[in-house]
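Have a look at the structure below before the remarks.
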Ligand code: NAD
């Protein structure tokens with residue numbers, strides 16, 4: 001098999017197998033080919049991983065942040081040296097075109113190791129608080145064993161975005177990738193150990209929604225960081241709350257992208273296409289509700305149609321391919337059901353909606369799809385589709401579009417295209433979202449906090465802000481004189 005790892009799990013610095021765990025196949029979505037056969041973690045594997053993390057963490061936490069950071073920076077270098085190999089694996093795991101994975105997946109994981117490795121020496125300091133003779137100081141201390149649970153759209157990136165801040169802050173991690181994309185995280189674990197990470201600090205175990213709760217409910221786990229759907233987020237946050245664990249929730253969205261009539265039209269269309277078709281639409285922050293001001297609607301739609309129909313769909317390993325398959329048959333069926341719903345509820349199908357004709361019949365492909373005349377009430381406008389389906393809505397004025405853009409339970413992201421600088425700022429100030437863009441869409445560099453509000457979650461990944469979510473403060477009061485007691 002093309003991508004068979006030595007074993008299903010990576011625990012305490014080595015590959016581990018337990019064939020008592022339910023067997024499952026890893027499938028290459030472009031052809032339906034089985035590329036690896038793995039086993040979900042048994043309770044014994046979960047115990048082994050958490051025990052290894054618990055044992056290794058105190059010594060790691062006692063190292064200087066600079067020494068921990070050095071190992072992460074080395075891991076970043078190895079990832080960059082092996083970018084082609086890692087990108088090919090990511091393409092096999094997800095079906096995303098190599099044209100994307102080579103620039104966006106291992107590289108953004110490496111960015112996280114490089115950034116957190118680099119800031120370690122300065123970002124974990126505490127404060128000195130003068131109290132007029134007496135004083136206090138704070139220490140930023142690690143939480144202990146942290147669990148990361150990943151979605152299937154950016155397997156390597158998610159494994160690194162959670163691992164890098166957790167590790168640099170002195171924690172140990174047990175990471176469970178999505179059952180749809182089990183392979184990338186194992187390579188990240190290998191590379192971290194090659195870079196010098198002591199055994200037991202970054203463990204990967206496989207499994208699905210039955211395995212996740214074993215981690216979330218475990219008494220030795222201090223924190224859970226989930227990337228997944230709102231529905232899963234509610235379950236995981238609920239379970240974590242029963243034992244008061246720290247949580248970070250990176251959940252779904254139905255984000256608005258607003259195009260005013262003074263916008264640079266080609267940039268706005270490019271932003272909308274990137275924000276709907278990149279990774280075959282499987283991006284949480286996608287701007288799937290594209291609000292276009294009425295005066296430019298026809299021009300916008302005709303150029304959008306023209307550019308969308310030129311997208312090259314095909315073999316993800318071909319460097320020319322711009323759009324690959326959906327991650328799985330189940331996800332493809334879900335997206336097709338939304339397309340049918342869009343038609344049935346009266347949206348205008350501008351382009352796409354079918355199966356492309358130049359791809360393997362076993363592949364899980366759908367054409368990039370644009371609906372126009374979408375209204376706020378339609379199902380395709382309210383629910384996260386998580387596929388390459390763009391909804392275009394019309395609007396008249398600024399106040400109206402802000403109210404409608406905010407009329408959703410989600411609050412992950414939002415974008416605005418306009419050449420009016422003051423309007424851009426006025427609008428983003430009023431949009432209810434955690435991550436916003438002006439005159440671009442979906443860029444998420446490691447220096448900038450990333451995360452959602454409302455039902456899209458809480459906590460932040462990336463940037464110095466992420467360190468707050470993997471540490472807690474200890475305050476120490478120091479008395480310089482004698483204790484004066486009234487009794
Ligand atoms: P999902 O919610 O089905 O699964 C996510 C992960 O949670 C998987 O590893 C799954 O095995 C695990 N899981 C499921 N039930 C669980 C439970 N009860 N306890 C513990 N773990 C459990 O999501 P998905 O289909 O893999 O990914 C798509 C979703 O992820 C979309 O909603 C998307 O918007 C969201 N997402 C969010 C971000 C973000 O950063 N905000 C990024 C990528 C994807």
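Since every read-out is calculated from the coordinates, none of them should be taken as a lab result. What you are looking at is a predicted structure, and each value in this text was computed from that prediction instead of being measured. Note that we place each Cβ from the backbone using ideal geometry, even for glycine, and neighbour counts take in every protein chain shown.
Here are the numbers for this structure:
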read-out: Label zone at residue 37, where the point sits 7 Å out along the Cα-to-Cβ direction: region 55-98 residues whose backbone N lies under 18 Å; value: none
read-out: Long-range tail of P(r) for region 174-237 (Cα pairs > 13 Å, %); value: 67 percent
read-out: Region 375-487 - Kirkwood radius from inverse mean 1/r over Cα pairs (Å); value: 17.4 Å
read-out: Reduced Cα scattering model of region 381-426, Debye log10 I(q)/I(0), q = 0.15, 0.27, 0.32 Å⁻¹; value: -0.49, -1.29, -1.41
read-out: Ordering of 368-374, 333-339 by packing [mean C-beta count within 10 Å, highest first]; value: 368-374, 333-339
read-out: Förster-model FRET efficiency, 30 Å R0, residue 341 and residue 464, C-beta, rounded to 0.05; value: 0.10
read-out: Full-extension gain in nm, residue 19 to residue 243, via 0.36 nm per residue minus C-alpha separation; value: 77.6 nm
read-out: Compactness of the chain - radius of gyration and Dmax, Cα, Å; value: 23.5, 88
read-out: Order of 9, 469 under a 10 Å beta carbon neighbour criterion, fewest first; value: 469, 9
read-out: Percentage relative contact order, region 359-454, counting C-alpha pairs under 8 Å, at least six apart; value: 22 percent
read-out: Residues of region 207-244 with amide N under 14 Å of the 7 Å Cα→Cβ point at residue 55; value: none
read-out: Inter-label distance, nm, simple model (7 Å from Cα along the C-beta direction), residue 199/residue 220; value: 1.5 nm
read-out: Translational D in µm²/s for region 122-217 (Stokes-Einstein at 20 °C, 1.002 mPa s, Kirkwood Rh from C-alpha pairs); value: 144 µm²/s
read-out: 20 Å cut-off, amide nitrogen to a point 7 angstrom out along residue 439 Cα→Cβ, residues in region 250-279; value: 257-275
read-out: Contour excess over end-to-end distance, with Cα ends at residue 357 and residue 1 and 0.36 nm allotted per residue; value: 125.4 nm
read-out: Highest average packing first - 377-384, 83-90, 128-135, Cβ atoms within 10 Å; value: 83-90, 377-384, 128-135
read-out: Mean projection area, nm², convex hull over Cα of region 147-199; value: 3.3 nm²
read-out: Share antiparallel - DSSP beta bridges, the chain, percent rounded to 5; value: 45 percent
read-out: Tilt relative to the chain, helix 43-61 - C-alpha long axis, 0 to 90 degrees, to 10; value: 60 degrees
read-out: Percentage relative contact order, the chain, counting C-alpha pairs under 8 Å, at least six apart; value: 18 percent
read-out: For region 297-339 and region 133-153, distance of Cα centres in Å; value: 40 Å
read-out: Value of [θ]222 nm, deg cm²/dmol, for the chain, DSSP H segments ≥ 4, -39500 (n - 2.57) each, nearest 500; value: -11500 deg cm²/dmol
read-out: Taking only Cα atoms of region 273-329, radius of gyration then Dmax in Å; value: 13.4, 41
read-out: Neighbour-count order for 313, 19, 258, fewest beta carbons within 10 angstrom listed first; value: 19, 313, 258
read-out: Cβ-Cβ FRET estimate between residue 382 and residue 406, R0 fixed at 22 Å, reported to 0.05; value: 0.95
read-out: Alpha-carbon centroid distance for the pair region 378-422 / region 23-82, whole angstrom; value: 37 Å
read-out: On Cα atoms only, tilt of 297-308 relative to the major axis of the chain in degrees; value: 70 degrees
read-out: Relative contact order (%) - criterion: Cα under 8 Å, at least six apart; region: region 300-366; value: 35 percent
read-out: Distance between modelled label sites at residue 453 and residue 474, nm, 7 Å Cα→Cβ extension; value: 3.5 nm
read-out: Percentage of interatomic Cα-Cα distances in region 264-399 larger than 18 Å; value: 52 percent
read-out: 435, 94 arranged by Cβ crowding within 10 Å, fewest neighbours leading; value: 435, 94
read-out: Longest to shortest principal axis, alpha-carbon extents of region 37-109, angstrom; value: 41, 36, 13
read-out: Among 164-175, 266-277, 197-208, the order from most to least packed when residues are scored by Cβ within 10 Å on average; value: 164-175, 197-208, 266-277
